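Here is the structure we will look at.
The values are calculated or read from the model by the stated rules, or taken from the named source; none is laboratory data. In this text the structure is predicted, and so the values were computed from the model without any measurement. As a convention, Cβ positions derive from the backbone with ideal geometry for all residues, glycine included, and neighbour counts pool all protein chains shown.
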Amino acid sequence: MQEQTLLQSKIEQGDFTRGGEVSSSLKDVLRKLGIKSETSRRVTIVTYELEMNIIIHSLGGEIEVLISSEQIKVVATDRGPGIPDVEKAFQPGFSTADDFVRGMGFGAGMGLNNIKHYSDQLTVETGQGKKSKFTAIICL
């Protein structure tokens with residue numbers, strides 16, 4: 001089966017009121033497709049963390065979710081400002097979230113770790129002052 005797009009959505013910087021909508025919509029789509037609940041859970045966690053990462057840390061971006069007979073691919077691309085030190089960003093508890101974001105209960109520094117943990121494969125393309133692109137693959 002060739003890859004098919006399940007979902008494509010724009011995410012706006014700081015749009016906390018809509019945070020979680022993409023992953024929630026995706027959960028419904030996966031259920032209708034008969035995807036196993038454990039796989040669906042992993043995909044929606046990855047998607048939620050990527051969605052919130054765009055809202056909290058970027059200038060806005062997009063998430064696209066694709067499916068084939070072997071995998072579900074979640075691709076999150078933002079408009080910057082990039083991650084200057086990716087290795088540091090993946091350290092548990094490290095966060096660049098401001099006090100406002102932390103006050104809302106976000107920015108604990110576990111999002112990237114959750115993405116890595118629940119993905120079978122993860123690639124990150126970024127750098128200081130650049131766009132970031134995360135490609136997470138969850139095998140079926």
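Suppose the filter is in contact (Cβ under 8 Å) with a residue 12 or more places away in the chain, more than 22 Å from residue 17 (Cα to Cα), outside any loop (DSSP other than H, G, I, E, B) and of a type in the set (Phe, Trp, Tyr); does residue 94 pass it?
no
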task: Tell me, yes or no, whether segment 102-122 has at least one residue that is more than 22 Å from residue 43 (Cα to Cα) and in contact (Cβ under 8 Å) with a residue 24 or more places away in the chain.
output: yes
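Table: residues versus (1) β-branched (Val, Ile, Thr); (2) modelled with pLDDT under 90.
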{"site": "61", "(1), (2)": "no, no"}
{"site": "77", "(1), (2)": "yes, no"}
{"site": "85", "(1), (2)": "no, no"}
{"site": "107", "(1), (2)": "no, yes"}
{"site": "113", "(1), (2)": "no, no"}
{"site": "117", "(1), (2)": "no, no"}
{"site": "137", "(1), (2)": "yes, no"}
field: Where residue 40 falls short, out of the listed (1) hydroxyl-bearing (Ser, Thr, Tyr); (2) in a helix (DSSP H, G or I); (3) exposed (fewer than 14 other Cβ atoms within 10 Å of the Cβ)
entry: (3)
